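To start, the structure under review is shown below, and the notes come after it.
The values are calculated or read from the model by the stated rules, or taken from the named source; none is laboratory data. Quantities reported herein were computed from a predicted structural model and do not represent experimental measurements. Because the Cβ atoms are built from the backbone with ideal geometry, glycine has one as well, and the counts that use them run over all protein chains shown.
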Amino acid sequence: MNSYYELLGLRPDATEMEIRSAYGRDVLRLQETASDKVAQFRATLDAAFATLTDPEKRSAYDASLATAREDLAAEDPDATEDAFRYARNGGLWFAGGGLVTAVTYAFSEGRYLIAWGPLLFGGFQLARGLLRYISVPTGARKATHLMVLAGLIAVGALSAGFVALSESFGAEEFAAGTKWNAMIDATQLEIMQADELVDGVASRPGPWDETDSANMEKASVLYAHVADAVAGATAPAVLEWYRAGMAKNFRDAATITHEYSLMKASGSPSAFEALDKRWKARVEEANRLSDRFEAQVGPKP
């Protein structure tokens with residue numbers, strides 16, 4: 001269907017200046033030839049100019065043109081169906097790509113930027129399909145078409161949202177893991193020093209003396225510092241149980257070694273045995289935490 005705009009080689013949103021320029025150009029060309037066809041074309045050209053340069057006539061013409069196009073589309077349902085199928089296929093790509101990416105993130109740990117490929121490709125196909133479908137006149141679009149497209153877009157959008165949240169959560173977990181490992185590296189020396197002090201006291205022959213008490217107090221200070229570091233650290237969510245358990249365990253170690261430091265050579269054997277029993281229970285608890293950690297994550301750092 002040829003419109004006045006197409007006759008003048010203009011877009012429907014052409015300005016009045018553009019309309020006048022196009023009309024003058026075509027009139028000059030027509031002056032070079034004289035014939036009945038040229039006269040008919042000039043009459044049509046004049047009508048187009050008169051209509052498009054008058055705001056009221058142009059508004060009425062645009063309305064009638066839109067109505068004519070809708071009627072034409074209604075008479076050609078195949079064009080509408082083709083446009084819908086094109087948009088629907090784009091929606092299927094988008095929804096399917098989003099689901100593939102979401103499933104990858106749901107059942108795998110870490111960040112998988114390559115999994116974004118299907119989602120991005122699906123988004124591109126959806127955009128192409130929608131551009132094709134919106135070119136169909138409003139009156140020719142069907143409610144069922146819009147419902148199907150809205151459903152596919154919703155599935156893809158929800159999947160993309162899940163992936164975005166997974167990316168955000170994964171970034172937070174990675175940052176927490178980095179801080180956690182840094183804390184372990186920073187406290188490793190203190191743990192080794194405290195353990196060596198305790199082992200030295202336990203393996204030294206002879207009765208308890210002031211050196212043993214002094215070494216136990218040093219170990220208590222070291223364990224307390226480590227307990228504070230672990231308690232104040234940020235661990236990945238999956239290791240929160242381990243962080244809380246180890247913070248308590250090091251706090252218990254600090255308490256027991258402090259009580260050892262208060263012992264005297266003249267202390268009762270039962271008092272030493274009670275502390276030995278508590279220490280052994282603390283070591284066993286630490287081993288259980290380590291075993292659970294290795295079963296869940298792998299060998300601890």
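Exactly one of these conditions fails for ALA235: (1) among the hydrophobic types (A, V, I, L, M, F, W, C); (2) within 20 Å of GLU294 (Cα to Cα); (3) in a helix (DSSP H, G or I); (4) modelled with pLDDT under 90. Give me its number.
(3)
Only residues that are surrounded by fewer than 18 Cβ atoms within 10 Å (Cβ to Cβ) and at pLDDT 80 or above: list them for region 136-152, please.
Residues satisfying the conditions are ALA143, THR144, LEU146, MET147, VAL148, ALA150, GLY151.
Tell me, which residue of region 260-284 that is of a type in the set (Asp, Glu) and exposed (fewer than 13 other Cβ atoms within 10 Å of the Cβ) is farthest from THR211 (Cα to Cα)?
Within region 260-284, the first condition is being of a type in the set (Asp, Glu), and the residues that meet it are 273, 276, 284.
Within this subset, residues satisfying the condition of being exposed (fewer than 13 other Cβ atoms within 10 Å of the Cβ) are 273, 284.
Details: GLU273: 19, GLU284: 27 Å.
Taking the candidates together, the pick is GLU284.
Residues of region 1-38 being of a type in the set (S, T, N, Q) and either assigned to a helix (DSSP H, G or I) or more than 22 Å from TYR61 (Cβ to Cβ) (or both), which ones? Explain how you work it out, then say what you get.
Going through region 1-38, the residues of a type in the set (S, T, N, Q) turn out to be 2-3, 15, 21, 31, 33, 35.
Correct list: SER21, GLN31, THR33, SER35.
Looking at TYR133, TYR61, TYR105, TYR86, which is the one that is surrounded by 12 or more Cβ atoms within 10 Å (Cβ to Cβ), at pLDDT 85 or above, part of a helix (DSSP H, G or I) and of a type in the set (Phe, Trp, Tyr)?
Numbers: TYR133 fails: at pLDDT 85 or above; TYR105 fails: at pLDDT 85 or above; TYR86 fails: at pLDDT 85 or above.
Checking each option against the conditions leaves just TYR61.
With the structure loaded, tell me whether ASN249 is modelled with pLDDT of 90 or more and surrounded by 14 or more Cβ atoms within 10 Å (Cβ to Cβ) or whether it fails that test. Walk me through how you get there before you give the answer.
Details: modelled with pLDDT of 90 or more: yes; surrounded by 14 or more Cβ atoms within 10 Å (Cβ to Cβ): yes.
Answer is yes for this residue.
Quick one: would you say THR15 is of a type in the set (Ser, Thr, Tyr), touching a helix residue (DSSP H, G or I) at 6+ places or on another chain (Cβ under 7 Å), loosely packed, with under 14 Cβ neighbours inside 10 Å and modelled with pLDDT of 90 or more?
When the stated conditions are applied, THR15 does not pass them.
Out of curiosity, is ALA175 part of a helix (DSSP H, G or I), at pLDDT 90 or above and among the small types (Gly, Ala, Ser)? Even if it seems obvious, please write down each step before you answer.
Details: part of a helix (DSSP H, G or I): yes; at pLDDT 90 or above: no; among the small types (Gly, Ala, Ser): yes.
When the stated conditions are applied, ALA175 does not pass them.
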